[in-house]
Each structure stands twice: as structure tokens, then as C-alpha cells.
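Here's the structure, in C-alpha cells; my notes come after.
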Amino acid sequence: MSNNNNAKIYLTTAGVIIAGVLLIIGAFIAIPYYNVWQQEMSGRAEFAKAEQNRKIKIEEAKANLEAEKLNAQAEIERAKGAAEAIRIENGSLTPTYIQYLWVRQQSDLNNKTVIYVPTENNLPILEASRLDRQAD
């Protein structure tokens, strides 16, 4: 019986060694194919990402174009309004009307804390006393 058990052990050991060798040979054959497949998948992913980025840039450019068109239309409407106002004023721009337009323009600015109104010589009234107080 001992011979029979030894033969089984040798056959099992030989089978395990042969299976291990076949596994290693299979790995040497499969790994290059896997690397090629992995690179192909990586390339497809990069291509899809580049395509998506291109589409995003195109959509952003379309949105910018639309915004510029709308800004141009708004500017045209503003010019029409100004032309109509000048026509109503009989084609003459009075200094008072120019000052009114200037003050209205200043109210559109973000910093509304100080507004300088031009005098008859178109020089702003300086707040020297206020600047002196800030220095103290």
C-alpha cells in the first residue's frame, strides 16, 4: 500500500508542477494580449474624453456668440433710443442734458458711494475736506 500511496503522491505532485508550468506559460502568452487590449481601451477612453471636451468648447462658443448677438442688439436699441431722444431735443444737446446722461451713467457703476458731478468747466467737485478727514 505504501507504494500505491507514494505513486499517488508523485502523480499529484507531478500534476501540480505541470499545472503550474502550464499556468506560467499561459500567463506569458496572455499578458501581451491583455496589455494590447488595455492600451486600446485606454485610447478609446481618451478619444471619448477629447470628443466630449470638443463638444463642450463648441457649445460654449455658441453660447458666447449668442450673448454677443444679444449684446449687439441691446446696443442698437440703446443707440435708437439715444437718437430718438436727440430728435426730441430738436437735434441739440444741451449741457444740462449731457450732465443728466453722465449722472445716469454713473448710477450704473458698482461703486455708488461717491458721485462727482461736473461743473460748468467740466471739472469734478473734489471733496478735499473728506479726504483730509480720512487721512486723520
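Listed values, structure above:
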read-out: Extension gain, residue 96 back to residue 79 (0.36 nm per residue minus Cα-Cα distance, nm); value: 4.2 nm
read-out: Reachable lysines from residue 49, criterion Cα separation under 16 angstrom, eight or more residues apart if same chain; value: 57
read-out: Kirkwood hydrodynamic radius of the stretch 26-71, from inverse mean 1/r over distinct Cα pairs, in Å; value: 13.4
read-out: Convex hull per residue volume in Å³, alpha carbons only, for the stretch 1-98; value: 159
read-out: Cα→Cβ-extended label distance, 7 Å offset, between residue 103 and residue 55, nm; value: 5.5
read-out: Anchor residue 80: lysines whose Cα lies under 21 Å away (excluding residues fewer than 8 positions away in-chain); value: 69
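Only the coordinates and a few stated rules stand behind these numbers; no lab work does. Quick caveat: nothing in here was measured; it's all calculated off a predicted structure. With ideal geometry, Cβ positions are generated from the backbone for all residues, glycine too; neighbour counts draw on all protein chains shown.
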